[in-house]
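Quick note: the coordinates plus some simple rules give every number you see, no bench work behind them. Just so it is clear, the structure is predicted and the values come from calculations on it, not from any experiment. Positions of Cβ are backbone-derived with ideal geometry, glycine not excepted, and every protein chain shown enters the neighbour counts.
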């Protein structure tokens, strides 16, 4: 059985036993279940579940920070009389290859205010992105590749 699903079942069971069938009870159950699975990890053979969970948390934290910063930047551009935006379209060479990897990168880019995924090239190697604050094309590419795409690939591979 997939360890993530087992952890979910442990979390639900823990929260039901504790009489806390709410978000905080399930989160506490997930932490307790994760600890129990970690203590018994020699029983499962080789698995990347324990490393992957930290990658997911790093991705969530990184995306949350990017979301906050870009919201503030777009808000500032909207409420001030001088516009600081310099929109443009860039082609981002992708290291992501599978459908799920490409979908996650493209959708997380689109969810961030000020950026929008436009098109994927026929050979699936370039993602065209509209950027609201485009100062330096190479720096923008580097930020996306070393930030968002790198963390998505950490989780998926």
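What does the helix-only formula give at 222 nm for the chain: each DSSP H stretch with n ≥ 4 adding -39500 (n - 2.57), the total divided by the residues, and the result rounded to the nearest 500 deg cm²/dmol? Working shown, then result.
Working: 6 runs with 91 residues, N = 157.
Result for the chain: -19000 deg cm²/dmol, rounded to the nearest 500.
For residue 22 and residue 75, the FRET efficiency from 1/(1 + (r/R0)^6), where r spans their Cβ atoms and R0 equals 30 Å, is about 0.35.
Write down the percent of antiparallel bridges among all DSSP beta bridges whose residues are both part of region 49-156, to the nearest 5. Before the final figure, lay out the partial values.
Details: 11 of 12 bridges.
So the antiparallel bridges in region 49-156 amount to around 90 percent.
Given their separation in residues at 0.36 nm each and the Cα-Cα distance between them, residue 31 and residue 86 gain 15.4 nm when the chain is fully extended.
The mean sequence separation of alpha-carbon pairs under 8 Å and at least six residues apart, normalised by the residue count of region 49-156, gives a relative contact order of 36 percent.
Take the alpha carbon gyration tensor of region 1-59, find the square roots of its eigenvalues, order them as a ≥ b ≥ c, and report rounded if a/c is under 1.5; if not, report prolate when a/b exceeds b/c, else oblate. Show your work: numbers first, answer last.
Details: a/c = 2.55, a/b = 1.53, b/c = 1.66.
Oblate shape, in that a/c is at least 1.5 and b/c is the bigger or equal ratio.
Fully extending the segment from residue 61 to residue 12 would add 15.2 nm, taking 0.36 nm per residue of separation and subtracting the current Cα-Cα distance. Mean-square fluctuations from a GNM of the chain, with a 10 angstrom spring cutoff on Cα atoms, peak among 25, 147, 64 at 25.
Computed over the Cα atoms of region 85-133, the ratio of the radius of gyration to the Kirkwood radius (Rg/Rh) comes to 0.97.
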